[in-house]
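The values are calculated or read from the model by the stated rules, or taken from the named source; none is laboratory data. What you are looking at is a predicted structure, and each value in this text was computed from that prediction instead of being measured. Because the Cβ atoms are built from the backbone with ideal geometry, glycine has one as well, and the counts that use them run over all protein chains shown. These area figures cover heavy atoms from the full protein model, side chains too; ligands, DNA and RNA do not enter into them. Shrake-Rupley method; radii C 1.70, N 1.55, O 1.52, S 1.80 Å.
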Amino acid sequence: MDSRKTGFTNIQKLDPSIIVELRYATMNNFTGQVIYDFNVAIARTGTAEKLAVASRILKEKGYRIKVWDAYRPVEAQEKLFEVYPHPEFVAKPNPNFSHQKGVTFDLTICDMDGNEMEMPTEFDDFTEAAFRKSPRTKIQDNNYQILDSAMKQAGFVGYENEWWDYRDSEMDEYGPSSVDPNEYF
Ligand SMILES: C[C@@H](N)C(=O)N[C@H](C)C(=O)O
């Protein structure tokens, strides 16, 4: 792995059109608690660059990405797992995994005015309805396919149990790394 790609990058510095609404920085999440103290979405530079590619593909079709979560420190994962210890929906704390090493995004798509498109469920709906293989209405499926196709083209793989969770296809090439997102503002 090229060492330039293993650092962290603020995704809005790569593409300011990406909407960032970090739900765990607010009480509007499944825990009802503020989980972390930053409002900046960062990811490993290689992963952030892939998101910028997805964003470009989507903008050509008239959509913007909205990110609900990006790099998530292990301490934040501990708080989430304490509230909902179900690894199929909330991973165990582990510095070498997914959000906790900055190679994953929780996201959706919006129209160019920032209105969220209808998707199969709300964010962090921990039911079977969020599974990628679950049935969807025609409108939901159309929106989901637009998102899914752009993310796959850009080099992500979708987590089977959560339609909003996309991981860098090269995630295993990144080791653990822990930083303070506030330093990337
Ligand atoms: C909690 C949810 N948004 C999520 O990110 N789930 C995956 C499995 C994770 O915790 O990594």
Express in nm, to one decimal, how much length is gained between Asp111 and Thr31 on full extension, taking 0.36 nm for each residue of separation and deducting their alpha carbon distance.
-> 26.0 nm
Quote the FRET efficiency, to the nearest 0.05, computed for Asn94 versus Glu122 with a Förster distance R0 of 25 Å and r equal to the Cβ-Cβ distance.
-> 0.45
Projected onto the charge dipole of region 1-125 (+1 at Lys/Arg Cβ, -1 at Asp/Glu Cβ, origin at the Cα centre), which of Gly7, Leu80, His99 gives the Cα projection farthest towards the positive end?
-> Gly7
Return one whole number: the accessible area per residue of region 16-88 in Å², for a 1.4 Å probe.
-> 41 Å²
Could you give the spread of the C-alpha atoms of region 37-144 along their three principal axes, from largest to smallest, in whole angstroms?
-> 37, 32, 23
Rounded to whole Hz and in sequence order, give me ³J(HN,Hα) for region 57-66 from the Karplus expression 6.51 cos²θ - 1.76 cosθ + 1.60, θ = phi - 60°, writing x for Gly and Pro.
-> 4, 5, 4, 4, 9, x, 10, 10, 7, 10
Could you give log10 I(q)/I(0) at q = 0.20, 0.22 Å⁻¹ for region 4-97, computed by the Debye formula over C-alpha point scatterers of equal weight, without solvent?
-> -1.02, -1.13
Helix-only CD estimate at 222 nm, as mean residue ellipticity for the chain, using -39500 (n - 2.57) per DSSP H run (n ≥ 4) | -8000 deg cm²/dmol
Charge dipole (debye, nearest 20) of the chain; +1 at Cβ of Lys and Arg, -1 at Cβ of Asp and Glu = 480 debye
The extension gain from Lys152 to Thr137, computed as 0.36 nm times the residue separation minus the Cα-Cα distance, is 3.2 nm
Two-site label geometry, Asn182 and Ser17: point separation in nm, points 7 Å out along Cα→Cβ | 3.3 nm
What's the FRET efficiency of Lys61 with Glu82 using the Cβ-Cβ distance as r and R₀ = 35 Å, to the nearest 0.05?
-> 0.30
Dipole of region 8-73, Cα-centred, from +1 at each Lys and Arg C-beta and -1 at each Asp and Glu C-beta, to the nearest 20 debye?
-> 200 debye
May I ask you to order 14-25, 73-84 by the average number of other C-beta atoms within 10 Å around their residues, highest value first?
-> 14-25, 73-84
Sorted on mean Cβ neighbours within 10 Å (highest first), peptides 165-175, 136-146 come out as 165-175, 136-146
Which net charge results when you count Lys and Arg as +1 and Asp and Glu as -1 among the other residues whose beta-carbon is under 9 Å from that of Ser177?
-> +2
Where Rh denotes the Kirkwood radius from the mean inverse Cα pair distance, what is Rg over Rh for the chain?
-> 0.93
³J(HN,Hα) computed for each position of region 95-102 - Karplus, 6.51 cos²θ - 1.76 cosθ + 1.60, integer Hz, glycine/proline x | x, 9, 10, 6, 3, 6, 10, x
Cα centroid of region 128-151 to Cα centroid of region 157-185, whole Å | 21 Å
Region 22-32 - phi-based ³J(HN,Hα) in whole Hz, Karplus 6.51/-1.76/1.60, Gly and Pro as x | 6, 5, 7, 8, 10, 8, 7, 8, 5, 8, x
